1. Looking at this structure, is residue 230 in contact with a Phe, Trp or Tyr (Cβ under 7 Å, 6 or more places away or on another chain), under 26 Å from residue 100 (Cβ atoms) and not assigned by TED's automatic domain parsing to the domain that holds residue 81?
2. So in the stretch 53-67, with the set limited to residues that are within 20 Å of residue 40 (Cβ to Cβ) and among the aliphatic types (A, V, I, L, M), which one is nearest to the chain's Cα centre (by Cα)?
3. Cβ-Cβ below 8 Å, separation at least six or inter-chain, first residue in the stretch 88-110 and surrounded by fewer than 17 Cβ atoms within 10 Å (Cβ to Cβ), second part of a loop (DSSP other than H, G, I, E, B) and among the β-branched types (Val, Ile, Thr): which pairs?
4. Being at pLDDT 90 or above and of a type in the set (S, T, N, Q) is the filter here; which residues of the stretch 236-287 pass it?
5. Would you mention how many residues in the stretch 244-279 are in a loop (DSSP other than H, G, I, E, B) and surrounded by 21 or more Cβ atoms within 10 Å (Cβ to Cβ)?
6. Write out, first by first residue and then by second, each pair whose Cβ atoms fall under 7 Å of each other, whose residues are 6+ apart or on separate chains, and whose first residue, in the stretch 272-297, is in the same structural domain as residue 95 (by TED's automatic domain parsing) while the second is charged (D, E, K, R).
7. Taking the condition of being surrounded by fewer than 17 Cβ atoms within 10 Å (Cβ to Cβ), at negative phi and in a loop (DSSP other than H, G, I, E, B), how many residues in the stretch 213-240 meet it?
8. One residue is enough: does the stretch 39-46 have a residue meeting the conditions without any contact (Cβ under 8 Å) to a residue 40 or more places away in the chain and within 26 Å of residue 138 (Cβ to Cβ)?
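The values are calculated or read from the model by the stated rules, or taken from the named source; none is laboratory data. In this text the structure is predicted, and so the values were computed from the model without any measurement. Don't worry about glycine lacking a Cβ; one is built from the backbone with ideal geometry, like all the others, and counts go over all protein chains shown.
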Amino acid sequence: MSLHEPQASKPLSTKRRLPHLAFATPRKLPKASTLPGRVVVLDIAFAAEGTGAGFEKVTWRFIADLGERLAAWVDHHDHVMHARFADDPRFVLAKKSDFGSCPEMIGPELVERVGEVDTILCHGDFDGLCAGAKWILGGVEPYPGADADARAIDTRLGEASPTAQRIERALKVRPKDDLLRAKIIHYLVGACEDPKAFVAELEAMGAEALAFEQRARALSERFEIDGPIAFCDARNSEPFDKTALLLLGQERALISVVLDDQSLTVAAPFNSGINLIEILGLSGGMPTRVSLRPSSAKEVMEKLRAWASVGSTK
């Protein structure tokens, strides 16, 4: 077993000791009543405006419904509403420019301060699952380099280890499979019944993921370049790797825009300094990646072109 593989000898050896695991996205949070006991929320951004489900309707309602059962909320995605919780020690919030991944924010001192939790609610991507595993392990990385892997995958800067790439590809193939997510956390904390069999399962899914990446490359031929903006209409397409497509657009222009059947996604490089929230006049969200309604495409492109016309350069 390589340096970057979870070790089967970890002290957590039984599922009985695992907290209840739940998974969510910023705009799709579970009902508080479905989460047992004290809850820690990891790597879930406050809901952004632009998709009809903003902070007040989604995030704040969930926080209010949890009430005192909310043990901690740890997240690294920029949002204007962070300031509202500056005096509440349960909220450990940062900007992505400060922490490229959520696991980097989690250490033994934080886990000890928060105390026992009954439920971990985390984002369902590699970053979130790694954060959940690290919390279960008392703030210790599930394997050496796990924090760096989470950062590399979440920022798209640097290269992740084979372990992280294997998991990331499987998640792309099964984006709605919460059972897979739970299995990944079990694997990361050393509570997987048959690690070798699970790795083989992940590798099989990885082969499927290559098809998603290939479709993204094929769709990249549709990019239309308008100064610092690359626009791709990917509607009516088979499933594809959207992040890969956005990155391919960023190879040709500063800002990449992808329109699909469910959303309009606008992205700029993590370290570009571009603030899409300001450019598009939104009230909250990540400055370098936003998702909006498909119907907003015309308005968004007009705002991006107006921004480009006043001095932006590739």
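1. Yes.
2. Taking the candidates together, the pick is 58.
3. From the stretch 88-110, the pairs are 108/140.
4. Matches in the stretch 236-287: 236, 237, 243, 250, 256, 262, 263, 265, 275.
5. 1
6. none
7. So the answer is 4.
8. no
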